[in-house]
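Chemist: Dropping the structure in here first, questions after.
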Amino acid sequence: MMKHSITLTVNGDRYTLAVFPWRTLNEVLREDLNLTGTKRGCGTGDCGACTVMVDGRTVSSCLTLAVDVDGKEILTVEGLAPDGERLHPIQEAFIEKGAIQCGFCTPGMEMSALYLLSNHPRPGEREIRHGLSGNLCRCTGYNKIVEAVAEASRRMEKNNGAPGGGRKP
Amino acid sequence: MKAYSIVGRDIPRRDARSKATGSAVYTDDIKLPGMLHGRILRSPVPHARILNIDVSRAAALPGVKCVITGQDTPKIKYGNWRLFPATQDEYPLAVDKVRFVGDEVAAVAAVDRDTAEEALSLIRVDYEELPAVYDVRRAIRKDAPLIHEGSPGNVSVERKIAYGDVRAGFREADYVREDTFTVHPVSHAYLEPCSTVARCDPDGRITLWTSTQTPYIVQCLLASVLGMRENDIRVIKPFVGGGFGGKMELRPWEFCAAFMAKKTGRPVKFVLEREEELVFGRRRHPMRITSKVGFKKDGTLVAKDLKILLDGGAYNAMGPTATFLCGNFGAMLYRYPNYRFYGRHVYTNKPPASAMRGFGAPQSLFAAESQMNMAAEDLGIDPIELRLKNAQVPGDVIPDVATISSCGFVECLREVARMSGWNRKRKTHKPGRGIGVGCYSFISGGVFNWFNTQYPFSAAEVRAFSDGTVHLLTMASDIGQGSDTALAQILAEELGLRMEDIRVTSADTAMTPQADLGSWGSRVTLMAGNAVVQAARQIKEALFGAVSARFNLNVIYDFECKEGRVQARGRPDRGVSFGEAVAMAQKANRGEPVVARGYYTPRNKGLVTPAFSFGAQVAEVSVDRETGLVEVEKIWTAHDCGTVINPTAVEGQLEGSIHMGLGYALSEELRMENGRTLNRTFLDYKMPHAPDMPANESLCVDTYEPEGPMGAKEAGEGLVSPTAPAIAEAVYHATGYRCKDLPITPEKILKGMKK
Ligand code: FES
Ligand code: FES
């Protein structure tokens, strides 16, 4: 079987890679690019722990073939606060509101929150819950995550609507 | 409540930043040079003799570096109940016989996962199938197939408790009822699948990074099955993505990784698939619970006779502890003058059940609390009133178990009634709406030493430095619940330091003090917390002596560590900074490091637990009478966890418990057919999602546990139990359908309403 050459822009960095056609974006991010912030909780598209952004839309990276995102822009949790100093308002709110326990769902939750807030800067509680409905969390009961997203939306609005310190997807 | 400066404050968890940025390293994020990838071959049949295994084709596949079967291993059985070797019934890989669909039969290590997976398909196993049994009542019959030699009737563990005179009690009773409840298997469903990486060090020792709640247990049992010395194995717990009881034993992949790392000289990683977790993984025990209770007309409890059959699946796992504890949970919360328990742990040809948040309490309390609600109705007494009448209070004695010390159960009941508007809602409710109550009491760690450890139950080491920092080393395992943060808060409080002055190293058996039995049974806050306090007090003694000498103070002066200083109480001018005090103590002792070790092993606390938590919960539901769908509108909780170390963390435990309790009551179920688990993905294992969660309101009643560190005790495990009985009662209140067999499904409700 032949490997395919693909080019991905991940968190602003360009990579040219040779991958087998069956490799998922999740595998390529975690194993080839060592971007292990993106998790894998099920591999079947049901838990959301692997959520990343492709051209500004969230996808389950465990169900996305790497060859299918050739040439696209990808944002992972590592790209939310690229300089490592100032965190993205979503990350700050997750930390301060107690939205993180084991943390395994956190990167995926944050990406879903980013997508939600990019499209609905001032979501109500129902919208937030709906926006997170593709992400499972076994630890928190979701409430503090919902509070964190509401808090992030307030902070992002203060930052003139820009989705915070991170690179724009 | 005593005023603290750091304990009781909402301090964000210390690992939150690394988790929020994705830099926290979990086991599957570890990649070592030359690392191989392992996969496990499992039995496709529920019960069979292994006649032959042919691995030659798998071993010949390019890229395959190692293939092992049970015959290649030292064939040593293991199990967590080391105190009773007869209960140690598992081999890391099956020898001679398989006992459930999923039993581990062989393992492969290859250069990548795909190759390992392909190799599995090339292994040929010849089985001679044996008759299998899946139902506990059939399994205990004389003619049932025998699953383990040496366990006649397939009963592996029995526990009996009796005090008072149950027969006389029932004679005295004005009202007696007997009910049988059944509860179903559910998955821990921690988001991080089990994973492990083993490396054989150049000197032949093993380093194992593994997703576990109990590094010390893994270390000891791995040593025993490999025939190695315990300290030749180093177990490190990286970040762990949840455990809930499902990661507290040695597991076959941990053995296989270590064994194959030794054989190949290369690191070996195993990561389970979610399908393996759901279909073959540990689960909460299904049980069949028969309970008979007797009351006086006025509602006073006089007797209880409880019989439980635990469906253990094919191996003991943590079933013996669950059996043991079920007997205790049956007699908690209320005053039972006469009590009898008979529990049996029964083997069936199904994936083993084991510990899961609550450890037998969600099952036995579903029965006990539901029965309380039924009795209240028959006696014509309000369910909360009936509970208040029988509630345990401080100083109550549970025979052979404990004397209850702190206990805010009565306050919990009163508060939850007030918060929820119980009296009004109970009397006037719209059709299709209902309100119900459930309660819990739980242990703050177990006393019974089934692991037969020679070490203290918890230990901590504190090193103090002249730059004003301290280093806490503890084997307590943070698996998401936040123990690293809670223990650091306790230490900072005791030493008058800030959180940023404290470095924590936890759960690395080569670094952190022997020992700690790990994170389960809600033992960490109380036990590890006490060990930390003890170590900190020794540090203070060393510093107080040095500071007293420096200021030439009269012997009557007391000292304190406060706000980064060590000083005479009431005379802050007579003092130095914490770092200076450390330097002084060291100089006085020719440079001897300022290090202290603390430990905790319960004393005079009976055989069960040093302290009990309590709580009461009310659920309000609406039920669609056309479809039978239940919507839980709101949950109110009042609970007693002693001093709250970190309010956000306690709320987080409560909300996570509600999530799990909601799933247990309404939607989660591992569906079984002939020993096979049918749920293969999260799509068909229905955990609540964010939109499914009810509103919730909670309150901690103010108590102080004398045995706990700064008055703290269990929070967050017992809380998983009251939700199912509260919802069941609310559904009954709304529809007239009384659930005695969890989960409460729309089908059951519709059928029940027709009757
Ligand atoms: S790992 Fe992709 S959705 Fe679960
Ligand atoms: S924090 Fe553990 S799964 Fe969400």
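The values are calculated or read from the model by the stated rules, or taken from the named source; none is laboratory data. Note that the structure is predicted; figures quoted are calculated from it, not measured. FYI the Cβ positions are ideal-geometry reconstructions off the backbone, even for glycines, and counts take in every protein chain you see. Please note that ligands, DNA and RNA were not included when accessible areas were found on the heavy atoms of the full protein model with its side chains. Shrake-Rupley method; radii C 1.70, N 1.55, O 1.52, S 1.80 Å.
Chemist: Give the residue, chosen from B:299, B:241, that is farther than 30 Å from residue B:45 by Cα and within 16 Å of ligand 1 (Cβ to nearest atom).
Modeler: The match here is B:241.
Chemist: Can you name the helices (runs of 4 or more DSSP H) wholly within the stretch B:380-450 that have at least 1 residues being open to solvent by 20 Å² or more (accessible area, probe 1.4 Å) and free of Cβ contacts under 8 Å to residues at least 24 places away in the same chain?
Modeler: B:409-420, B:422-427
Chemist: Let me ask another. Which residues, taken from the stretch B:656-680, are open to solvent by less than 70 Å² (accessible area, probe 1.4 Å) and either hydroxyl-bearing (Ser, Thr, Tyr) or part of a loop (DSSP other than H, G, I, E, B) (or both)?
Modeler: Across the stretch B:656-680, the qualifying residues are B:657, B:664, B:667, B:668, B:669, B:670, B:675, B:677, B:679.
Chemist: Would you pick out the residues in the stretch B:562-575 that are at pLDDT 95 or above, open to solvent by less than 80 Å² (accessible area, probe 1.4 Å) and outside any strand (DSSP E or B)?
Modeler: B:564
Chemist: Also: Give the stretch B:133-144 a look and list any residue that's open to solvent by 30 Å² or more (accessible area, probe 1.4 Å) and touching a residue at least 60 places away in the same chain (Cβ under 8 Å), or say none. Walk me through it before giving the result.
Modeler: Initially, the stretch B:133-144 is screened for residues open to solvent by 30 Å² or more (accessible area, probe 1.4 Å), giving B:134-135, B:137-138, B:140-143.
Of everything in the stretch B:133-144, those that are open to solvent by 30 Å² or more (accessible area, probe 1.4 Å) and touching a residue at least 60 places away in the same chain (Cβ under 8 Å) turn out to be B:134, B:135, B:137, B:140.
Chemist: Quick one: which helices (runs of 4 or more DSSP H) lie wholly within the stretch A:64-163 and hold at least 3 residues that are away from ligand 2 (no atom under 12 Å from the Cβ) and under 22 Å from residue A:37 (Cβ atoms)?
Modeler: Ranges flagged: A:89-96, A:106-119, A:143-158.
Chemist: Of the residues B:683, B:719, which is assigned to a helix (DSSP H, G or I), within 16 Å of ligand 1 (Cβ to nearest atom) and within 14 Å of another protein chain (Cβ to nearest Cβ)?
Modeler: That would be B:683, the only listed residue that is assigned to a helix (DSSP H, G or I), within 16 Å of ligand 1 (Cβ to nearest atom) and within 14 Å of another protein chain (Cβ to nearest Cβ).
Chemist: When you go through (1) of a type outside the set (Val, Ile, Thr); (2) away from ligand 1 (no atom under 16 Å from the Cβ); (3) within 14 Å of chain B (Cβ to nearest Cβ) one by one for residue A:72, which number turns out not to apply?
Modeler: (3)
Chemist: Still on this model: Quick one: residue B:497 ticks every box in (1) in a helix (DSSP H, G or I); (2) surrounded by 22 or more Cβ atoms within 10 Å (Cβ to Cβ) bar one, so which box is it?
Modeler: Single failed check for residue B:497: (1).
Chemist: Okay, next question. Given (1) of a type in the set (S, T, N, Q); (2) facing chain B (nearest Cβ under 9 Å); (3) open to solvent by 10 Å² or more (accessible area, probe 1.4 Å), identify the lone condition not met by residue A:60.
Modeler: (2)
Chemist: Determine which member of the set B:257, B:261 is of a type in the set (A, V, I, L, M), outside any loop (DSSP other than H, G, I, E, B), in contact with a Gly (Cβ under 7 Å, 6 or more places away or on another chain) and away from ligand 1 (no atom under 16 Å from the Cβ). Show your work before the answer.
Modeler: On the way: B:261 fails: in contact with a Gly (Cβ under 7 Å, 6 or more places away or on another chain).
It is B:257.
Residue-by-condition table, conditions (1) open to solvent by 40 Å² or more (accessible area, probe 1.4 Å); (2) of a type in the set (A, V, I, L, M); (3) part of a loop (DSSP other than H, G, I, E, B); (4) more than 14 Å from chain A (Cβ to nearest Cβ):
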residue	(1), (2), (3), (4)
B:22	no, no, yes, no
B:28	yes, no, no, no
B:59	yes, yes, no, yes
B:66	no, no, no, yes
B:82	yes, no, yes, yes
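Chemist: Looking at this structure, is residue A:40 within 16 Å of ligand 1 (Cβ to nearest atom), more than 24 Å from residue B:278 (Cβ to Cβ) and of a type outside the set (Gly, Ala, Ser)?
Modeler: The answer is no for residue A:40.
Chemist: Can you give me the number of residues within the stretch A:88-109 that are at the interface with chain B (Cβ under 7 Å from one of its Cβ atoms) and buried (at least 24 other Cβ atoms within 10 Å of the Cβ)?
Modeler: 11
Chemist: Just the residues that are more than 16 Å from residue A:68 (Cβ to Cβ) and in a strand (DSSP E or B), please, taken from the stretch A:1-16.
Modeler: A:13, A:14, A:16
Chemist: What residue, of A:71, A:41, A:79, is touching a residue at least 40 places away in the same chain (Cβ under 8 Å) and open to solvent by 30 Å² or more (accessible area, probe 1.4 Å)?
Modeler: Sole residue among the options that is touching a residue at least 40 places away in the same chain (Cβ under 8 Å) and open to solvent by 30 Å² or more (accessible area, probe 1.4 Å): A:71.
Chemist: While we're here: Sort through B:578, B:559 and tell me the only one that's without any contact (Cβ under 8 Å) to a residue 40 or more places away in the chain and either out of contact with any Ser or Thr (no Cβ under 7 Å at 6 or more places or on another chain) or open to solvent by less than 80 Å² (accessible area, probe 1.4 Å) (or both). So that I can check it myself, show each step before the final result.
Modeler: Details: B:578 fails: without any contact (Cβ under 8 Å) to a residue 40 or more places away in the chain.
B:559 is the lone residue from the list that is without any contact (Cβ under 8 Å) to a residue 40 or more places away in the chain and either out of contact with any Ser or Thr (no Cβ under 7 Å at 6 or more places or on another chain) or open to solvent by less than 80 Å² (accessible area, probe 1.4 Å) (or both).
Chemist: Right, here's the next one. From A:52, A:28, A:10, A:19, which residue is within 15 Å of ligand 1 (Cβ to nearest atom), over 26 Å from residue B:687 (Cβ atoms) and open to solvent by less than 10 Å² (accessible area, probe 1.4 Å)?
Modeler: Selected residue: A:28, the only one of A:52, A:28, A:10, A:19 that is within 15 Å of ligand 1 (Cβ to nearest atom), over 26 Å from residue B:687 (Cβ atoms) and open to solvent by less than 10 Å² (accessible area, probe 1.4 Å).
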